[in-house]
There are 2 protein chains.
Amino acid sequence: MSATYTNESQAFVDLLKKLKAYSEAVGMLYWDLRTGAPRKGVPGRSETIGMLSTDVFKLSVSDEMGAYLDTLEAKMDELDAPLKKMVQDTRKDYNRNKLLPPELYQEYVVLTSKAESAWEEAKHSGDYDTFKPFLKDIVKISQQFIDYWGVKETRYDTLLDMYEPGMTVAELDRIFGDLRDQLVPLVEEVKQADNKPAFAFLKDTYSIEGQKSFSNFILNQMGFDFTAGRLDESVHPFAIGLNLGDVRITTNYLEKDVASAIFSSLHEGGHALYEQNISPAFAGLPLCEGTSMGIHESQSRLWENLVGRSLPFWKQYYGELQRTFPSQLSQVKAEDFYRAINRVEPSLIRIEADEVTYNLHIIIRYEIEKMLFNDNLSVDDLPEVWNDKYESYLGVRPTNNGEGVLQDVHWSGGSFGYFPSYALGNMYAAQMMHSMRKGMPDLDARIENGELAPIKAYLTEHVYQYGKLKTPSDIIQSMTGEALNPQYLVDYLTNKTKEVYQLS
Amino acid sequence: MSATYTNESQAFVDLLKKLKAYSEAVGMLYWDLRTGAPRKGVPGRSETIGMLSTDVFKLSVSDEMGAYLDTLEAKMDELDAPLKKMVQDTRKDYNRNKLLPPELYQEYVVLTSKAESAWEEAKHSGDYDTFKPFLKDIVKISQQFIDYWGVKETRYDTLLDMYEPGMTVAELDRIFGDLRDQLVPLVEEVKQADNKPAFAFLKDTYSIEGQKSFSNFILNQMGFDFTAGRLDESVHPFAIGLNLGDVRITTNYLEKDVASAIFSSLHEGGHALYEQNISPAFAGLPLCEGTSMGIHESQSRLWENLVGRSLPFWKQYYGELQRTFPSQLSQVKAEDFYRAINRVEPSLIRIEADEVTYNLHIIIRYEIEKMLFNDNLSVDDLPEVWNDKYESYLGVRPTNNGEGVLQDVHWSGGSFGYFPSYALGNMYAAQMMHSMRKGMPDLDARIENGELAPIKAYLTEHVYQYGKLKTPSDIIQSMTGEALNPQYLVDYLTNKTKEVYQLS
């Protein structure tokens, strides 16, 4: 940082930089495991990651850290904004980790690591009963954690705040309620529609080389900086910021599905643009990352969906895709491609869901997690509740638990409160896009003209540069002039869906 | 380790494992920097490597480490062999680091980091005077280090022992003297030979894809385990063992030189076979690496030269190379290829030297380093001494210092005593091959038949499995029944050169 600090502030910052350096090392080891580490190196690698992570944990709750926090909190008024935010965030982590009895935390670490394997088997076999005892214990310990951390407005609020600081059950009930009540009828309308888009051509055979070339092309167009990042392949696509000049993304090329890699590249590329464009003043500091899971997800969804599934975007870029795959696409029009990638279909699996129904998958999970933690819903009853909600909101009912309550990894790792981030990202993105459009009335024309740089510049100005300095609500409020409002997402989805399905 | 240890032994082993885990992380970060890290991530990455390396250093000289060493040394007789060797090695490092005043060490770290940039510029311009002040300071501080560490038989012995434990000036004088006195006339004889091998075809155009495919093929033939390692590309080829199940090598493909990547793959592959086949009992411990620079180099040279530049080897594998590059090689016979890759030519640059003259390049550096540390040769006089020795041993004289005394990076980093390892590797390799041949009289027939597995098995039995448990002299003595003897290398080089040049 450019600021000059007192000795104790500097010592605190140095310790934070060290923690960040350790995180870069752990991130590098993790990235390598996912992108190409040889199979036989995995056990040793996992032990190494475990040892480094333990040291990061110990440093983060060390007496040294506690003493710095006490000293700096005593004179918060004298600190500059970045330092103040680092003290606040670090205190939050410190308390979170320090308030738990070490034995209980250890028990939880062992339990969740066993639970993930048990979940994998159960998902495969569809047998919920083999996973249930693990889930019961995870919920039980999570409830104990809430007691140690302190109950916020409701018990589930305590979990929500970990992923989206400041977010509450009261607010989500209102927002998700609005969203659900307007999307369920929309989905119903689509089901009845006569004019369904053809999409069989998306499932033709598309060479991996051609897909790679197009992903690289589209990332360059977005402004992804290949001198400050890489694109690799992994089974599950992800983005990871190792340091400010090294932000990596992965994608997964499927020969029989041309859309998969395009939209995962746009999605991960959106995450990466965020982390590549944080202010250089924050390099090496904990401020050098996204401010919350929800805001991070808004950036991936904005590029993937609001920009990348728009008609102007494909009016510009479809020609390049046709040139890459002439035999598959020369007879398909841009408008038909646009309709195909925007079709809406109620389905059982979240990660395969379209833009509209995706939010309902999330709302179901939110409602169930809230019942688990606030209303003592029994883990025994989860499959029934899950299936009923799918039937009620989406009109589909799982025939086995593998495609139902067991489909996601999150609960086996105890990540309750994480799911809402995905839908928050969609809502933030729609609201940001609406606001950007007000500032740039010719936005569609620019996109259609292949000018994506103004979008990146706008997001850098309002979101990217701040890293973790601003809270999610600060960002959305100062960028759009109002708090999070789900109506922008509803309007966007309604308009697009009606256009795609040619509804009145 | 499978052994059951007392509490204090186990705590010592746990600390060593932690150090090894940190080394894996640093190694991973380094590997990534060399193989594909984006340019803008380099400054942050370098800081991260610096912070982790500092922590490794601090742990290795911590009071905790000192206390373990004191306790365990008091009962060495009760320890098993692996533990005893780890106590000895760790004590050596501990003393080495602990005996230096921290300020002097810090000064040295800063100096050598500046010196490397100065060296790069000086090498480029050929201007020795700009590098000389740095080199003077590095020699001066190295001399002080020797005083702190304690002078062994001679001052230079103290440096030699760091890279080849137990090696002495007395022994090297004898060995290198023998080698020099027999190789200089051999080189002279080759110069006069009429029958020089043609080699222009090696510099034809060879596709990178074809070269990649052949490198992969040849590594598979050697028994390189691709499920416990990777082959990548970097400007300077290297091998790095991250953990027992993850040993990586790199090579560099030159379109206008088909031999370069083949022999660097064989060379780095030899290093990798060593580290992939250490006993699983040593996984995660400091014993899980090569026992010395010289023995490590013997394994790379054995595969690269003794096996990889032999006629039986190319009788087997040349067909595959021809099939890969039919237009370039279909008119070239295996015997002519063999002669071309074994031509001997006195040259100025070490890393481009052939098997015979290479050793003379090393002997020159050894003699000069010894003069610097034992005879107070002035840094001012280095270029003159260098050029005179090249003229005397190789019959060539540099016309500028860039192709003379400034050609190697080693001295800018203070690595005095390292060069001999390269020639030791050649001598160990020839002696080991001689001994292997006695145990397997049909060795050449097996190689010609593509049976390389017995070589790997033999080396695993006598070298690889022990990792760092045995000393270099233990290994060569128990494997070959005698101490290091340069005559095997001389005989091998003489016989092959006479055959290639059809000398009497």
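The values are calculated or read from the model by the stated rules, or taken from the named source; none is laboratory data. Given the structure is predicted, the values throughout are model-derived calculations rather than measurements. Because the Cβ atoms are built from the backbone with ideal geometry, glycine has one as well, and the counts that use them run over all protein chains shown. The protein model used for the area step is the full one, side chains on, heavy atoms only, and it has no ligands, DNA or RNA in it. Shrake-Rupley method; radii C 1.70, N 1.55, O 1.52, S 1.80 Å.
Angle between the Cα long axis of helix A:169-192 and the longest principal axis of chain A, 0 to 90 degrees, nearest 10? In chain A, helix A:169-192 runs at an angle near 20 degrees to the longest axis. Cross-link reach is defined here as a Cα-Cα straight distance under 14 Å, omitting same-chain residues fewer than 8 places apart; for B:Lys40 the aspartates and glutamates meeting it are A:Asp225, A:Asp246, A:Glu275, B:Asp32. Residues of segment B:28-57 buried by at least 40 Å² of accessible area upon assembly of all protein chains, compared with the chain on its own (1.4 Å probe): B:Met28, B:Asp32, B:Pro38, B:Lys40, B:Arg45, B:Thr48, B:Met51, B:Leu52, B:Asp55.
Once both axes come from the Cα atoms, what is the angle between helix A:311-324 and the longest principal axis of chain A, in degrees from 0 to 90, rounded to 10? Taking the Cα atoms of chain A, the angle to A:311-324 is about 80 degrees.
Segment B:244-313: percent of C-alpha pairs farther apart than 21 Å?
Working: 766 of 2415 pairs.
Every Cα pair in segment B:244-313 considered, those over 21 Å come to 32 percent.
For segment A:103-161, the list of GluC sites (Glu not before Pro) that fall in a loop by DSSP and count at most 14 other C-beta atoms within 10 angstrom reads A:Glu153. Distances, shortest first, from the label point of B:Ser46 to those at the same position in the other copies read 3.7 nm; the point lies 7 Å along Cα to C-beta.
Excluding residues on the same chain fewer than 8 positions from A:Lys333, give the lysines whose Cα lies under 29 Å from its Cα. Leaving aside lysines fewer than 8 places away in the same chain, those within reach of A:Lys333 are A:Lys191, A:Lys196, A:Lys203, A:Lys212, A:Lys256, A:Lys315, A:Lys456, A:Lys496, A:Lys498.
Sorted from longest to shortest, the spans of the Cα atoms of segment A:371-430 along the three principal axes equal 34, 26, 22 Å. For A:Val109, place a label point 7 Å from Cα along the Cα-to-Cβ direction in every copy; what are the distances to the other copies, in nm, shortest first? So the distances to the same position in the other copies read 2.8 nm.
Taking square-rooted eigenvalues a ≥ b ≥ c of the alpha carbon gyration tensor, is segment B:142-295 rounded, prolate or oblate, where a/c under 1.5 means rounded and, failing that, a/b exceeding b/c means prolate? In terms of gyration-tensor shape, oblate. Of the chymotrypsin sites (Phe, Trp or Tyr not before Pro) found in segment B:1-101, the ones in coil according to DSSP and having at most 16 other Cβ atoms within 10 Å of their Cβ are B:Tyr5. Relative to the dominant Cα principal axis of chain A, helix A:42-60 is inclined by about 60°. Taken over the Cα atoms of segment A:165-247, the convex hull encloses 203 Å³ per residue.
For chain B, pairs of C-alpha atoms spaced more than 40 angstrom apart make up 22 percent of the total. Computed with the Debye formula from one identical point scatterer per Cα of segment A:106-232, without solvent, the log10 of I(q)/I(0) at q = 0.17, 0.19, 0.21 Å⁻¹ comes to -1.02, -0.99, -1.04. Each copy carries B:Asn195; placing its label point 7 Å along the C-beta direction from Cα gives inter-copy distances of 8.7 nm, listed from smallest up. For segment B:362-401, rounded, prolate or oblate, judged on the Cα gyration tensor with a ≥ b ≥ c (square roots of eigenvalues), a/c < 1.5 rounded, else prolate if a/b > b/c? The shape class here is oblate. Think of segment A:80-124 as having a plus end and a minus end, set by charges on the Cβ of Lys, Arg, Asp and Glu; of A:Gln106, A:Ala118, A:Pro82, A:Pro82 sits farthest toward the positive end of this dipole.
Let a ≥ b ≥ c be the square roots of the eigenvalues of the Cα gyration tensor of the protein assembly as shown; is it rounded (a/c under 1.5), or, if not, prolate (a/b larger than b/c) or oblate?
prolate
Along segment B:132-141 the Karplus relation, 6.51 cos²θ - 1.76 cosθ + 1.60 evaluated at θ = phi - 60°, assigns HN-Hα couplings of 3, x, 5, 4, 4, 5, 5, 5, 4, 5 Hz to successive residues, with x for each Gly and Pro.
Give me the lysines in straight-line cross-link reach of A:Lys92: C-alpha distance below 25 Å, same-chain residues under 8 apart excluded. Cα-Cα hits under 25 Å: A:Lys17, A:Lys18, A:Lys20, A:Lys58, A:Lys75, A:Lys84, A:Lys140, A:Lys152, A:Lys370, A:Lys468, A:Lys470.
Residue of chain B with the Cβ closest to the rotation axis carrying B onto A, and that distance rounded to whole Å: B:Ala25, 2. Rounded to the nearest 5, the antiparallel percentage of DSSP beta bridges internal to segment A:122-269 is 50%. Enclosing the Cα atoms of segment B:397-504 in their convex hull gives a volume equal to 176 cubic angstrom per residue. For segment B:1-98, the Cα-based Rg and Dmax, in that order, read 16.4, 53 Å. For chain A, leaving out every one of the trypsin sites (Lys or Arg not before Pro) that falls in a DSSP loop and has at most 12 other Cβ atoms within 10 Å, the longest unbroken run is A:76-255.
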